[in-house]
Amino acid sequence: MRWDHLGEEPAATADPVLFGTDAVRTRTFDTPEFRGITFHEVRARSILNRVPGASRMPFEWTVNPYRGCTHACVYCFARKTHSYLDLDTGLGFDSQIVVKVNAPELLRRQLASRRWQGAHIAMGTNVDCYQRAEGRYRLMPGILAALRDHANPFSILTKGTLILRDLDLLVQAAEVTEVGISVSVGFTDQDLWRTVEPGTPSPQRRLDVVRTLTGHGIGCGVLMAPVVPFLGDRPEQLRETVRAIAEAGATSVTPLVLHLRPGAREWYMAWLREHHPGLVGRYERMYADGAYAPTWYQRRITRQVHELAAEFGIGPAHRGAARRIPEPDAPALAGPTQLTLL
């Protein structure tokens with residue numbers, strides 16, 4: 001796919017397999033929350049994405065109404081996907097946002113197809129569907145309404161507090177189908193949050209989302225991700241994070257250690273050289289064999305978090321719990337198969 005000749009008028013430049021040939025429009029908005037961000041509005045040909053079997057993810061279908069993310073998390077694995085559009089995986093990923101403006105009606109049509117068997121649909125598995133752009137484009141209410149009307153089970157993983165705008169729809173959907181919500185909170189350290197997740201709501205505000213959802217009868221788990229080596233993994237940091245998660249009423253906590261895939265790795269290491277140059281060598285050694293931290297380190301973090309969770313009265317996510325993710329102490333943890341959202 002190429003993005004040459006994009007302008008204010010529709011341009012016949014998009015891959016017709018992904019988008020219609022007259023379906024791309026570029027827009028900017030001169031408001032403080034969107035200054036410096038370019039939106040590429042597209043009309044997608046399909047919104048249900050089948051997960052390759054080789055991924056070993058615990059879900060088969062996803063819906064991603066956006067590509068690129070203003071959360072600007074320096075470690076985000078999805079950065080690599082922007083290179084498929086000939087867009088920059090660094091600042092471009094944070095500021096060049098693809099918006100599938102027809103996602104709600106397209107999903108409703110696909111759910112109504114005789115070929116659709118009502119499988120579980122996961123959202124937030126690539127980029128966050130409740131990033132800032134959702135405040136303007138409002139795609140999720142239509143998506144949730146379609147899932148509710150078809151009683152189709154789904155789950156959402158998010159860092160966005162905007163999900164509370166759709167609380168009524170979530171409650172209605174939960175009355176007719178399985179709804180799983182998980183909020184991502186890898187740490188509560190304010191300084192770490194401001195530098196590695198600069199476009200996200202604070203960890204405390206995310207935990208307020210957990211508290212609110214639980215208070216409305218929607219069980220909400222926490223994906224404790226990423227646990228950041230040498231910056232967010234001290235025993236006292238893990239304890240404080242798990243304690244805060246427990247106090248928010250989370251139904252489960254599942255730790256996942258930072259992993260650095262191509263695209264994200266380069267951007268994260270550049271950030272590390274600027275903010276923590278003394279850690280560069282330690283990271284190069286830890287991630288010398290690939291994108292994932294050594295198995296012994298992953299297992300140590302998992303054990304520590306599970307012990308703290310038991311102390312504070314919560315446990316790891318189990319099959320059939322609020323969020324369908326791999327159990328951290330399963331064999332999948334030993335290799336490059338941990339959840340790939342973060």
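Simple spin-label estimate for Arg114 and Glu175 gives 3.2 nm between the two label positions (7 Å along the Cα-to-Cβ direction from each Cα).
Take 203-213, 301-311 and order them by the average number of nearby Cβ atoms within 10 Å per residue, most first; the result is 203-213, 301-311. Look at where the Cα atoms of segment 233-296 and of segment 141-156 average out, and the two centres are 33 Å apart.
Which GluC sites (Glu not before Pro) in segment 97-176 pass both tests, a DSSP loop state and at most 11 other beta-carbon atoms within 10 Å?
Of the GluC sites (Glu not before Pro), the ones in loops of segment 97-176 whose Cβ has at most 11 other Cβ atoms within 10 Å are Glu175.
The chymotrypsin sites (Phe, Trp or Tyr not before Pro) of segment 67-115 that DSSP puts in a loop, and whose beta carbon has at most 16 other beta carbons within 10 Å, are Tyr84.
Bear in mind these aren't lab numbers, they're just calculated from the coordinates by the rules spelled out. This one's a predicted model, so the numbers in the text were calculated from it and none came from an experiment. Ideal geometry is used to build each Cβ from the backbone, glycine not excepted, and the neighbour counts take in all protein chains shown.
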